[in-house]
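**Q** Sending over a structure as structure tokens; questions will come in a sec.
No value in this document is a laboratory result; all are computed from the given coordinates. Owing to the predicted nature of the structure, the values given are computational and were not obtained by experimental measurement. As a convention, Cβ positions derive from the backbone with ideal geometry for all residues, glycine included, and neighbour counts pool all protein chains shown.
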Amino acid sequence: MKVQIRKVDQISILDCSGDVDLYSSPELREALLKEMRSGAASVLINMADVPYIDSSGIATLVEGLQLSRETKAHFGLFGLRNNARSVLELARLHKVFALFDDEKEALEKIPTIQPFGGL
Amino acid sequence: MRIVISSQPKLLNILRCVVRYRAQEVGFPETDVDWLTMAIDEAATNVMRHAYQNRRDGKVKLEIQAFPDRMEFILEDSAPKVSPEKVRPRSLDDVRPGGLGTFFIHSFMDSCHFDECFAGGNRLIMVKNLPRKVSGKDESTNQKS
């Protein structure tokens, strides 16, 4: 898995590609928590190129959500594939995260959501 | 079919490929293939994290057996015995990192239990019934509610 970080209008976007599992989730965790702790006001994760995410990946996202509460940052995910969305739904986390269909929608709406994720 | 890998997380991808291939070959619908693959991946992840406690030199053995009405997945390790109490699914009401792997396994598998008689490690036996259309009957099954 690869994680690349870019900025769009002061919003940090983490572009992820590849499976997020026990092997790769530490890389996502490190990048996500580093970006949160750097004082980013809004952080989005691009999941469009993530074909698989397991419980360790979900745990990383939950950790990011919790940190966003502490740092008062806006946090959201976009581009989830059906199976990743199904995993969040099964874990009843789809209403906990701010989920957007694509980057355009995410960039439009992320400043309007409550910090720490809730819509 | 049997596959043995060392307890290195980078090898989970191989395990997933094998499970996916075999489940597709048996005839599970694609959605079920995704869930099956995840369930076995989560079980192997638990072995690496909790049984071997992140040691990388253990062995993880997966045996896959296909029957007319079901598939059985037998996951073995040679780590110290894990108490089943420690790997029970947790409540989803508590939003916190971790503890979801066992929940995913139990959500999708029709049966999942440790073989208490297995000596020299842990043996987890997971069963997934085939949708009835595939097994020659007339109803389909899917993820448990």
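**Q** For a quick check, take a GNM of chain B with Cα springs below 10 Å and name the residue from B:103, B:28, B:73 with the largest mean-square fluctuation.
**A** Evaluated over chain B, the most mobile residue of the options is B:103.
**Q** Convex hull over the alpha-carbon atoms of the stretch B:64-123: what's its volume per residue in Å³?
**A** Hull volume over Cα atoms, normalised by residue count, gives 106 Å³.
**Q** Within chain B, which DSSP H helices have Cα atoms that stretch 18 Å or more along the helix axis and a mean Kyte-Doolittle hydropathy of at least -0.5?
**A** B:12-26, B:30-46
**Q** If we restrict to alpha carbons, what Rg and Dmax does the protein assembly as shown come to, in Å?
**A** 19.2, 60
**Q** Beta carbons within 10 angstrom, averaged per residue: use that to sort the peptides B:34-45, A:46-57, B:49-60, highest first.
**A** Ranked by mean Cβ neighbours within 10 Å, highest first: B:34-45, A:46-57, B:49-60.
**Q** Let me ask another. Extending each Cα 7 Å along its Cβ direction at residue A:6 and residue B:129, get the distance between those two points in nm, one decimal.
**A** Between residue A:6 and residue B:129, the label points sit 4.9 nm apart.
**Q** Here's a follow-up. Using only Cα atoms, what Kirkwood radius does chain A have, in angstroms?
**A** One over the average 1/r among Cα pairs gives 13.7 Å for chain A.
**Q** Only sites in a loop by DSSP and with at most 10 other Cβ atoms within 10 Å count here; which trypsin sites (Lys or Arg not before Pro) in the stretch A:60-91 make the cut?
**A** Those satisfying the criteria are A:72.
**Q** Of all the C-alpha pairs in chain B, what % are more than 23 Å from each other?
**A** It works out to 33 percent of all Cα pairs.
**Q** Nearest 5 is fine: what % of DSSP beta bridges in chain A come out antiparallel, could you say?
**A** Counting DSSP beta bridges with both partners in chain A, the antiparallel share is about 30 percent.
**Q** Which of A:2/B:86; A:72/A:109; A:34/B:86 have a Cα-Cα distance over 25 Å?
**A** Beyond 25 Å: A:2/B:86; A:34/B:86.
**Q** Among DSSP beta bridges lying fully in the protein assembly as shown, give the percent that are antiparallel, nearest 5.
**A** 65
**Q** Charges at C-beta only: +1 for Lys and Arg, -1 for Asp and Glu. How large is the resulting dipole of the stretch B:3-123 about its Cα centre, in Debye rounded to 20?
**A** Here the size comes out at about 620 debye.
**Q** Also, I was wondering about something else. What does a probe at residue A:37 reach in the stretch A:50-91, counting residues whose amide N is under 17 Å from the point 7 Å along Cα→Cβ?
**A** Once the point is set 7 Å along Cα→Cβ of residue A:37, A:60-73 turn out to lie under 17 Å by backbone N, inside the stretch A:50-91.
**Q** Something else: If Lys and Arg each add +1 and Asp and Glu each add -1, what is the summed charge of the other residues whose beta carbon sits under 15 Å from the beta carbon of residue B:121?
**A** Neighbourhood net charge equals -1.
**Q** Same structure, new question: Using only atoms on other chains, find how many Cβ atoms lie within 10 Å of each Cβ of peptide A:80-93 and report the average.
**A** Mean shielding count: 3.
**Q** Using +1 at the Cβ of each Lys and Arg and -1 at the Cβ of each Asp and Glu in the protein assembly as shown, identify which of B:82, B:105, A:41 lies farthest towards the dipole's positive end.
**A** B:82
**Q** Just to be sure I understand the model, the point goes 7 Å from the Cα along the line to the Cβ. What's the resulting residue A:71 to residue B:85 distance in nm?
**A** Modelled inter-label distance: 3.9 nm.
**Q** Calculate the FRET efficiency for residue B:115 and residue B:53 from the Cβ-Cβ distance with a Förster distance of 25 Å, rounded to the nearest 0.05.
**A** 0.75
**Q** Collect residues whose amide H, placed 1.01 Å from N in the peptide plane, falls under 5 Å from the amide H of residue A:74; neighbours closer than 5 in sequence don't count.
**A** A:42, A:43, A:116
**Q** Another question, then. Rounded to the nearest 0.05, what FRET efficiency do residue B:69 and residue B:1 give with R0 = 22 Å and r taken as the Cβ-Cβ distance? Could you check?
**A** After rounding, the FRET efficiency stands at 0.75.
**Q** Give the Rg (one decimal place) followed by the Dmax (whole number) of the stretch B:1-56, computed from C-alpha coordinates and expressed in Å.
**A** Final numbers for Rg and Dmax: 11.8, 35 Å.
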